[in-house]
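FYI, it's all coordinate maths here, none of it is from the lab. If you're wondering where the values come from, they're calculated on a predicted model, not measured in any experiment. Methodologically, a virtual Cβ is constructed for each residue, glycine included, from the backbone with ideal geometry; neighbour enumeration extends over all protein chains shown.
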Amino acid sequence: MSLDINKYLATNARALAMGNQRMELLASNMANADTPGYKARDIDFKAAMQSAGSQDLQQVTTRSGHIRATAGPDMASVMYRVPVQPSLDGNTVDAQQESAAIAETSVRYQATLTFLNAQIGGIKLAITGRR
């Protein structure tokens, strides 16, 4: 039985890519906290991982007029965050909410690295046989 390492590690690799994308968005939000009219952006991590997992399936078209999906598996859709209390200048960044999201994302990122390390350790153990 052959093992495709790329498929075996794919879920955690996608989680790392989405965590990185979310950190970039959150950093951009924090950098623009005082920019008038700036709209805070974020991704829904759970929905993004579910859609990424479903992209392993091959899309079937039954007619020539059907449109094929073009979204990449590692990129989540970016959405604007609904503000709890927008400022008078139109900026929707809430520094406390951004800080909490950054902390949550970093914990998830670290957990994903731990899971990935355990998967790689399992592969090494299978190859070496406890040496």
To the nearest 0.05, how large is the calculated FRET efficiency for residue 9 and residue 30 if R₀ is 30 Å and r is the Cβ-Cβ distance?
0.45
Sorted by chain and number, the residues with a modelled amide H under 5 Å from that of residue 81, at a separation of 5 or more or across chains, are 40, 41, 42
As straight-line cross-link partners of residue 124, the qualifying lysines (C-alpha separation under 22 Å, not fewer than 8 residues apart within one chain) are 7
Region 99-107 - phi-based ³J(HN,Hα) in whole Hz, Karplus 6.51/-1.76/1.60, Gly and Pro as x:
4, 5, 5, 5, 4, 4, 5, 5, 5
Tally Lys and Arg at +1 and Asp and Glu at -1 over the other residues with C-beta under 13 Å from the C-beta of residue 105: what net charge comes out?
-2
Mind ordering 93-99, 13-19 by average Cβ neighbours within 10 Å, highest first?
13-19, 93-99
